[in-house]
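Report on the structure given below.
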Amino acid sequence: MALPLPPGLTQNEVAFLAEMEMVTVVPRQRLDSIDLLGGKTPQLRPPHRAQLPLWLALLLKKQRRANIVPPAWMHPASLAEIIHRETKEDPEAFSPPPPPPSRALYSQPGTARRLNPSYLDDFTQTQPDSQQDPNSILSPPFLPSNVAESPAGYLPYHWLEVAEALLTHAGDDMPAPAGEVRSLLRDLVEVRAAKMRSSTSALEGFGDAWLTLRGVGAMELAENRAFLAGLVDGVRKIGASAEATRREEEEEARRGGDYGGDGDEDSDEDMGL
Amino acid sequence: MDIDDILREVDPVSHQIPQETRDLQDLTRAWVAERSTPELLPWPSNGLFERINDKIKRQIEKVEEMTGDMDPKTNFALIVIQTELERYKYLVRSFLRTRIAKIDKHLLHYISNDNLRTRMSQIEEAYARRHQLLLHNHYLNSFLGTFPPAMQNLNDTAGNISMIDNPDLDSAVFIRLLKDAEIECHGVDVDGVLTGKEGDIVILRWSDAKGLVERGDAELV
């Protein structure tokens, strides 16, 4: 009954999460809007494009009712640029994640604002209280980062899962032969895996227990999670008693400092005589 | 169709995210968070699970209705609805199973502390109490009954060591920052302050990350 897995998402769960990403689809048949638990699906009228979650897009593709439009970052030119950035320009860190989506404002022509429901109250004016609701900050897999309009040259968070799914099931929709895209993806996977492995060396420095991994992908995290978490936890447990003594000493030093160090001055004066 | 509908179709993101999508996002975030932390998180407030349970029940009824209808056009919609239903059920099941696993691991810890008891839903609390009772009675019948009466308790705190296990609040977790933030991190040899930008993925101790996650400045990954 109870889930026997250790904390942290497994690869299967990450793949499940990635299937919630939205992708652009070109339908081949009409389909009415279906009332799903997660909202209504858009009405499909060929040849208009529509945005659907990946799991639904794959289902339609398997039944030959739609074609999937691959996102712009999966184009071989874009992948080559990313590989170049990862190997030559920034061999230490991962390539940056895509920028947050922005939208032009209706009420202030010429200004663009970050895509956030609280800022869209400008247009709808239904909510007088537009305080920043934490739930309204969109993050993967709810960011529109795999639709046809997403910017090229950036790897979204679920890039590996989405790329694998699209290559396996929609290989004929790719802008280039699937083999070419696959080989580029392999290169990318290798480069980033090497970076992931070497990132732990940054942890060796001063026994630090924190590390920033900006731009890492979901599947890479899932694969290395056990290793990294085990490493940090292991270092922490080994140094637990040393850390406890260090904190006690710091506490005492702070408390001793509060009393003004009178004891030391007295003894100095005594010695000066 | 009036002008508002047409405008909404042209610029599809210009209206409020509907409640169902927000529920799905909340459910997903709650699931990821619960799977990633070593300790039990508070039961989601604002009636999220009651709404989701209701909707799942109604959807199952709808599926049963549609299965009886032999029209080939509704067949495909049926497949889609069933697939999505399975996905929802998987999320809900995995979420609940994770919570039960965490409760089982540190039963007395969650029952004895008042603050922690409010984190469980009513059903979970009833389950935890009954489980603890069954376990204790089982131990008493097996071997604990032979101990002297003074040693038959499971929550002994004598001798500066408590018998109740606490979950390890310093385990490493991965978070994604939703806003730029300065995080105070505790390490083995040094403590430091980490300046994080939005979109950073950081690994640090759960005790450091907890404040950020509760305020909504970061989410678990």
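Taken together, the values in this text are just the output of simple stated rules run on the coordinates, not laboratory data. Given the structure is predicted, the values throughout are model-derived calculations rather than measurements. Please note: Cβ atoms are built from the backbone with ideal geometry, for glycine as well, and neighbour counts cover all protein chains shown.
Could you state the angle between the C-alpha long axis of helix B:19-36 and the longest principal axis of the C-alpha atoms of chain B, as a value from 0 to 90 degrees rounded to the nearest 10?
That works out to roughly 30 degrees.
Could you work out Rg/(2.2 N^0.38 Å) for chain B, with Rg from alpha carbons only?
Against the compact-globule rule of thumb, the ratio is 1.38.
With an 8 Å cut-off on Cα pairs and a minimum separation of 6 or more residues, tell me the relative contact order of the stretch A:17-115 in percent.
Value for the stretch A:17-115: 22 percent.
Between A:His169 and A:Glu251, with labels modelled 7 Å along Cα→Cβ, what's the label distance in nm to one decimal, could you check?
5.6
Exposure proxy check: B:Leu116, B:Leu133 ranked by fewest other beta carbons within 10 Å?
B:Leu133, B:Leu116
If Lys and Arg each add +1 and Asp and Glu each add -1, what is the summed charge of the other residues whose beta carbon sits under 11 Å from the beta carbon of A:Val14?
-3
Once each part is reduced to its C-alpha centroid, what is the distance from the stretch B:133-207 to the stretch A:27-41 in angstrom?
45
Once you place label points 7 Å from the Cα toward the Cβ at B:Leu154 and B:Asp104, how far apart are they in nm?
Simple spin-label model gives 1.4 nm for this pair.
Need the full-extension length gain, B:Ile123 to B:Asp165, defined as separation in residues times 0.36 nm minus the C-alpha distance. One decimal, nm.
So the extension gain works out to 12.9 nm.
For B:Gly68, what is the net charge nearby, where nearby means another residue's Cβ is under 14 Å from its Cβ and Lys, Arg count +1, Asp, Glu -1?
-4
How many nm is it between the label spots at A:Asp90 and B:Val190, if each spot is 7 Å from the Cα in line with the beta carbon?
2.4
Taking the alpha-carbon set of the stretch A:3-106, what are its Rg and Dmax in Å?
Cα radius of gyration and Dmax of the stretch A:3-106 are 17.9, 51 Å respectively.
Pull out the extension gain between B:Asn75 and B:Ile56, defined as 0.36 nm times the separation in residues minus the alpha carbon to alpha carbon distance; nm, one decimal.
That pair, B:Asn75 and B:Ile56, stretches by 4.9 nm at full extension.
Largest first, please: the extent of the C-alpha atoms of the protein assembly as shown along each principal axis, to the nearest Å.
94, 64, 50
Give the angle, between 0 and 90 degrees and rounded to the nearest 10, that separates the Cα long axis of helix B:122-142 from the longest principal axis of the Cα atoms of chain B.
30
Restricting to DSSP H runs of at least four residues, report the calculated mean residue ellipticity at 222 nm for the protein assembly as shown, -39500 (n - 2.57) per run over all residues, nearest 500 deg cm²/dmol.
That comes out to -15500 deg cm²/dmol.
Of B:Gly192, B:Leu212, B:Ser171, which is farthest towards the positive pole of the stretch B:124-221's charge dipole, taken about the Cα centre with +1 and -1 on the beta-carbons of Lys, Arg and Asp, Glu respectively?
Farthest along the dipole direction, towards plus: B:Ser171.
Enumerate by residue number the trypsin sites (Lys or Arg not before Pro) in the stretch A:26-85 meeting two conditions: DSSP loop (anything except H, G, I, E, B), and at most 11 other Cβ atoms within 10 Å of the site's Cβ.
Passing sites in the stretch A:26-85 are A:Arg30, A:Arg64.
Helix B:72-105 versus the longest principal axis of chain B: what is the Cα-based angle in degrees, 0 to 90, to the nearest 10?
20
Given a Förster distance of 45 Å, report the FRET efficiency between B:Glu198 and B:Leu48 from their Cβ-Cβ distance, rounded to the nearest 0.05.
So, using R0 = 45 Å, E works out to roughly 0.95.
Please tell me the relative contact order of chain B in percent, rounded to the nearest whole number, where contacts are Cα pairs under 8 Å and at least six residues apart.
20
Only Lys, Arg, Asp and Glu count, each charged at its Cβ (+1, +1, -1, -1), so figure out the dipole size of the protein assembly as shown about its Cα centre, rounded to 20 debye.
Here the protein assembly as shown has a charge dipole of around 3020 debye.
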